[in-house]
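Beneath this line is the structure, given in structure tokens, with notes to follow.
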């Protein structure tokens with residue numbers, strides 16, 4: 001039986017490198033290693049190839065809500081150019097699919113600015129994998145296998161977080177966004193559109209009626225995110241894991257439309273104990289449509305945050321050669337946190353970033 005869930009945690013005022021605090025965290029960290037080893041073995045047994053993707057990229061990703069770390073590359077001729085630490089290994093992995101790989105996975109260090117808290121670290125590990133030629137529902141089974149592996153390693157049949165509990169090995173419950181909004185927010189999501197066009201003002205009025213505060217400059221997507229976080233996510237992954245699926249197409253910048261309904265995308269998220277663990281897509285492979293979406297995302301980023309990131313032209317060129325595929329990104333640190341019973345992300349990072357001033 002793993003001791004990590006019931007071990008006392010030394011107050012975070014102690015630096016992680018003090019011997020007493022490290023001794024207290026060490027069972028959690030060793031459990032992290034065992035979970036990674038077991039997951040790696042499972043992927044390899046499935047015929048996957050492990051890949052290592054570079055962290056420095058021309059573009060860190062082109063989703064409006066993601067914030068990257070920027071750096072300067074100086075050449076031997078002292079010429080300078082801007083690069084970014086990637087927010088996901090997605091672009092690199094898809095280039096490998098274009099190159100001919102068919103089943104790949106990576107434990108990638110990734111970096112996101114403006115994110116720090118019990119469930120967020122500025123630098124974290126993303127488990128990302130791709131299946132060429134597979135339907136995106138195949139990723140749901142992969143997620144179930146990963147949850148079972150992590151639960152088996154720690155011998156914790158029940159996971160808990162903020163008084164919400166879940167049996168990770170239980171079959172996941174699929175739930176569409178339409179169903180989730182109706183069940184937990186009392187809203188008909190499709191009524192928040194005029195045809196295929198999002199109706200921001202109608203959505204704002206509906207949000208206010210259920211107690212969701214919005215700002216005057218909130219977009220439809222902002223309101224969607226506020227309701228999702230405030231009314232829906234706390235109810236997901238309780239008792240059994242939840243697969244939240246069929247996102248509105250414009251809320252899935254890298255996913256292809258569902259073949260049966262082009263208003264929704266082949267996107268899902270995995271929730272356990274109210275915590276989002278994974279985000280998976282049936283991957284968009286149309287470079288023209290992908291460019292259009294990236295440009296729209298960067299226009300929104302410029303409007304709200306006053307900056308935009310470059311588009312990786314090399315990625316768009318590779319996308320034209322990429323086969324149909326399904327891919328998923330899972331927050332490995334969050335998985336370990338839930339599987340071990342650790343109270344926050346920093347407890348299961350070997351060398352967590354110190355808070356400024358400590």
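Please treat every number below as a calculation from the coordinates, not as lab data. Only a predicted model underlies this, so the values are computations on that prediction, with no experimental measurement involved. With ideal geometry, Cβ positions are generated from the backbone for all residues, glycine too; neighbour counts draw on all protein chains shown.
Kindly put 86, 156 in sequence by how many other C-beta atoms sit within 10 Å of each C-beta, fewest to most.
Values: 86 26, 156 21.
Placing the least packed residue first, the sequence is 156, 86.
The simple Förster model, with R0 at 25 Å and r as the Cβ-Cβ distance, assigns residue 17 and residue 82 a FRET efficiency of 0.15. At residue 191 and residue 305, where each label point lies 7 Å from the Cα along Cα→Cβ, what is the point-to-point distance in nanometres? Distance between the two pseudo-spin positions: 3.4 nm. The stretch between residue 314 and residue 99 holds 76.2 nm of extra length on full extension. This uses 0.36 nm per residue minus the Cα-Cα distance.
Do the sum for the chain: with -39,500 (n - 2.57) for every DSSP H run of n ≥ 4, divided by all residues, what is the mean residue ellipticity at 222 nm, to the nearest 500 deg cm²/dmol?
On the way: 9 runs with 111 residues, N = 358.
When only DSSP H runs of four or more count, the value is -9500 deg cm²/dmol.
So what is the relative contact order for region 119-267, in percent, with contacts set as C-alpha pairs under 8 Å and at least six apart? Computed value for region 119-267: 22 percent relative contact order. Considering only alpha-carbon pairs that sit under 8 angstrom and 6 or more positions apart, the relative contact order computed for region 41-148 is 25 percent.
With the biggest extent put first, the Cα atoms of region 44-173 measure 57, 38, 26 Å across the principal axes. Each peptide in 213-220, 124-131 receives the mean, over its residues, of other Cβ atoms within 10 Å, and ordering these scores from highest gives 124-131, 213-220. By the gyration tensor of its Cα atoms, with a ≥ b ≥ c the square roots of the eigenvalues, what is the shape of the chain: rounded for a/c under 1.5, prolate for a/b over b/c, or oblate? Rounded is the answer for the chain, as its axis ratio a/c remains below 1.5.
With R₀ set to 30 Å, the beta-carbon distance separating residue 44 from residue 173 gives a calculated FRET efficiency near 0.55.
This ranking places 14, 81, 88, 221 by how few other beta-carbon atoms lie within 10 Å of each, fewest first, which gives 81, 14, 221, 88.
When only C-alpha pairs under 8 Å and at least 6 residues apart count, what is the relative contact order of the chain, in percent?
Details: 644 pairs, mean separation 80.8, N = 358.
Value for the chain: 23 percent.
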